[in-house]
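Visitor: Please see the structure below; I have some questions.
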Amino acid sequence: MAQALTLVCLAAVAGLLLAERFARPVAYAVFKLGASTAFVLVSVALGALGSGYGGWVVAALALSWVGDAALLSRRRDAFLAGLGAFLVAHVCYAAAFLVEAFSLVPFLVALAPALASGIPILRWLWPHLGTIYRKPVGAYVAAILVMCAAAAGYGAATGHWDVLLGALLFAASDIAGAGGRFVAPGLCNKALGFPACYGAPAILASSVAAAA
């Protein structure tokens with residue numbers, strides 16, 4: 001079941017790019033929410049609800065579904081709602097990494113360069129952000145970078161470094177997504193961001209099997 005759902009996700013990502021390329025908004029929405037739904041179902045099929053780690057991952061994936069749905073609209077309030085849903089999703093991922101096995105020293109070692117990397121990212125985005133977006137985007141960047149550092153702490157404690165890859169892919173997809181919305185809209189950012197955006201939850205949804 002989990003493998004079949006993973007294939008559904010891959011097909012949906014391909015469909016997203018085609019729907020974007022040929023300007024088919026209804027197909028785009030169907031493919032986007034179909035992929036997000038499949039990730040939640042993959043994690044449950046792999047036994048996520050049997051562990052604290054898995055429960056937090058399911059919560060994060062469900063919040064990401066809400067974020068994806070909100071971001072289908074170009075309205076400002078919908079974007080802010082989607083941003084908020086994804087921010088809380090990253091807090092849930094960080095909680096998953098903290099709830100069971102966790103190594104503090106690797107987390108602290110990773111935290112400083114992670115937060116430092118946020119400075120050039122925000123300097124790049126800042127001139128293109130309206131005043132209403134600056135605080136939410138700043139908070140979001142901080143949340144995802146702390147989540148990446150927490151993934152390093154979890155990986156060091158468990159040996160499951162795939163979660164760090166998933167966290168870093170999320171950060172990469174969000175950078176591409178922010179660039180596409182605020183700096184240089186176009187298919188190029190989506191082509192770079194979509195694989196990372198859907199590779200990240202695929203890795204994290206699959207990681208619950210080790211904790212179940």
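The values are calculated or read from the model by the stated rules, or taken from the named source; none is laboratory data. Computed from a predicted model, the values in this text were never measured in an experiment. With ideal geometry, Cβ positions are generated from the backbone for all residues, glycine too; neighbour counts draw on all protein chains shown. Just so you know, the surface numbers come from the protein's heavy atoms only, side chains and all, with ligands and any DNA or RNA stripped out. Shrake-Rupley method; radii C 1.70, N 1.55, O 1.52, S 1.80 Å.
Visitor: Please go through (1) more than 12 Å from PRO201 (Cβ to Cβ); (2) open to solvent by less than 50 Å² (accessible area, probe 1.4 Å); (3) modelled with pLDDT of 85 or more; (4) not aliphatic (A, V, I, L, M) for PRO25 and return the number of the only condition it doesn't satisfy.
Guide: The one condition PRO25 does not meet is (2).
Visitor: Could you give me the residue pairs with C-beta distances under 7 Å whose first residue belongs to region 124-142 and is open to solvent by 80 Å² or more (accessible area, probe 1.4 Å), whose second residue is among the β-branched types (Val, Ile, Thr) wherever it lies, and which are 6+ apart or on separate chains?
Guide: From residues that are open to solvent by 80 Å² or more (accessible area, probe 1.4 Å), the pairs are HIS128/VAL183.
Visitor: With (1) in a helix (DSSP H, G or I); (2) more than 19 Å from the chain's Cα centre (by Cα) as the list, and ALA101 as the residue in question, which single condition is left unmet?
Guide: Unmet condition: (1).
Visitor: OK, next. Please determine, by comparing only the residues of region 44-97 that are hydrophobic (A, V, I, L, M, F, W, C) and not in a helix (DSSP H, G or I), which one is surrounded by the fewest Cβ atoms within 10 Å (Cβ to Cβ).
Guide: LEU72
Visitor: So for region 55-69 (the condition being free of Cβ contacts under 8 Å to residues at least 40 places away in the same chain and charged (D, E, K, R)), does at least one residue qualify?
Guide: Yes - at least one qualifying residue is present in region 55-69.
Visitor: Please go through region 174-212 and give me each residue that is aromatic (Phe, Trp, Tyr) and at pLDDT below 70, ordered by number.
Guide: Listed by number, the list holds a single entry, PHE194.
Visitor: For region 28-43, name all the residues that are touching a Phe, Trp or Tyr at 6+ places or on another chain (Cβ under 7 Å) and crowded, with 19+ Cβ neighbours inside 10 Å.
Guide: Of everything in region 28-43, those that are touching a Phe, Trp or Tyr at 6+ places or on another chain (Cβ under 7 Å) and crowded, with 19+ Cβ neighbours inside 10 Å turn out to be ALA35, SER36, VAL40.
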